[in-house]
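Every read-out reported here was derived from the displayed coordinates using simple, explicitly stated rules and does not represent laboratory data. Quick caveat, the model's predicted, so the values are computed rather than measured. For neighbour counting, all protein chains shown are included, and Cβ atoms are generated from backbone atoms with ideal geometry for every residue, glycine included.
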Amino acid sequence: MKFKLILITIGCFFILSSCKNQDSDKNQDSSDKNSESVTDIEKSASESLTESGNNKDHSRTESTSKTNSKESTGTIEGLYIRIGKEADRNCECYCLDLNFTSNSELCLSPDNIYINVKFERINNNLINVFLIGPSDINSEEDKIPWDKFDRNIRIATITTLPNGELDLDWLGFSINGDLAMDYAILGKKTLEGKFKRK
């Protein structure tokens with residue numbers, strides 16, 4: 001009887017042990033599947049977030065470049081006429097063609113002296129004006145030392161005003177970093193002042 005009892009106990013032990021191993025294997029398989037499933041979900045979520053982040057970054061980049069493009073060329077480009085000189089309908093002298101992508105011509109003296117300039121936008125409110133050179137040289141322009149004037153020092157600044165007008169402050173030409181006193185007033189009478197869209 002003892003012997004049978006021992007055999008039954010050992011048998012029960014093996015049966016229970018084998019059941020635990022099967023449960024353990026099932027749990028392990030289930031755990032592995034869950035782990036794989038969680039890993040797949042995490043990968044998918046991570047890829048989705050990365051893709052979403054890239055799309056947001058791309059959208060932000062596109063939005064920023066559109067904004068920068070608007071800021072750099074802006075809606076302020078165009079033809080302006082000096083306030084008080086509206087009689088100059090053909091823009092013979094008192095106009096300003098604000099353009100950030102190519103040179104523009106400015107009048108220093110009606111029917112006499114014209115220069116080519118470039119505009120450089122510093123921020124939303126400030127634009128620097130730099131001399132490129134004389135437009136067409138005539139006899140009076142021959143007396144002006146164009147080749148001595150600095151090209152990297154601004155000759156004027158333009159401030160944008162909230163009402164859409166521009167305010168041009170004439171600074172004058174420089175030679176070796178110093179104001180060229182003999183030519184300081186060139187452009188002051190024709191260009192300095194407020195401009196409105198033509």
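General observations
- Kirkwood Rh and Cα Rg combined as Rg/Rh, region 78-197: 0.94
- Charge context of Ala180, other residues only, Cβ under 12 angstrom, K/R +1, D/E -1: -2
- Distance between the pseudo-spin-label points of Leu79 and Lys143 (7 Å out from Cα toward the beta carbon): 3.2 nm.
- Inter-label distance, Arg197 to Ile175: 4.2 nm, where each label sits 7 Å from its Cα along the C-beta direction.
- Rounded to the nearest 0.05, the FRET efficiency derived from the C-beta distance between Phe100 and Lys189 at R0 = 30 Å is 0.70.
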